[in-house]
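Bear in mind that the values in this text are calculations on the coordinates, not laboratory data. Since the structure is predicted, the reported quantities are computational estimates derived from the model, not experimental observations. When we count neighbours, we look across all protein chains shown, and the Cβ atoms used for this are built from the backbone with ideal geometry, even at glycine.
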Amino acid sequence: MSKRDLQKAIKENEGFILSNGTLNLEHLLSSAYDTIVSYNLKGNPNSHIQTTTIRNDILECFVIDGDFMKSNDSLYEKVYHGEANINEKAPYSPYDVWDDVNSYFQSLAPDGYYFGSLEGNDSYIGWFKYNEEY
């Protein structure tokens, strides 16, 4: 999969929900990581943000039980099962990493779409169509 595949999915579904019903940073970062990995996303040449750095930064935000890199588990599944938690001693603030993820994901938004919270429901995070009324 690729950036093109992600953009195609966003357009075909008129949006793509990364996370719903929660603003928990563990859930948001782990869902972002899994999306980056599953779509094999690469860095944006027009940005200082590089995906491998974001992936590594996200992983450094967690303390993960077992050898995650050798497993086929998703990071979200590890969080869900209590096998991954926010690393209080991470070199970067998880909030700063989330800001970088937001910027990167916004750069991937197809024309007519944005990455962020759904208008009227902040607990839905993903790519959504711009409201044409504004």
| Ellipsoid equivalent to segment 68-134 - semi-axes via the Cα gyration tensor, in Å | 29, 14, 13
| note | So the angle from the long Cα axis of helix 25-38 to the longest Cα principal axis of the chain, reported in degrees to the nearest 10, equals 80 degrees
| field | Mean projected area in nm² (Cα convex hull; one quarter of hull surface) for the chain | value | 8.6 nm²
| request: Report the calculated FRET efficiency for S38 and S107 (r = Cβ-Cβ distance, R0 = 30 Å), to the nearest 0.05. | output: 0.95
| Can you flag which of K11/K89; K8/K89; K42/K89 are past 32 Å Cα-Cα? | K11/K89; K8/K89
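Rule-of-thumb check for segment 58-106: C-alpha Rg over 2.2 N^0.38 Å?
Here the answer is 1.20, to two decimals.
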| Which residues in segment 9-35 have a backbone N closer than 14 Å to a point placed 7 Å from the Cα of N121 along the Cα-to-Cβ line? | 15-23
| task | May I ask for the angle, rounded to the nearest 10°, between helix 94-108 and the longest principal axis of the chain, with both axes built from Cα atoms and the value confined to 0 to 90°? | result | 40 degrees
| task | Return the distance in nm (one decimal) between the two label points of a simple spin-label model at N56 and N13, each offset 7 Å from Cα along Cα→Cβ. | result | 3.0 nm
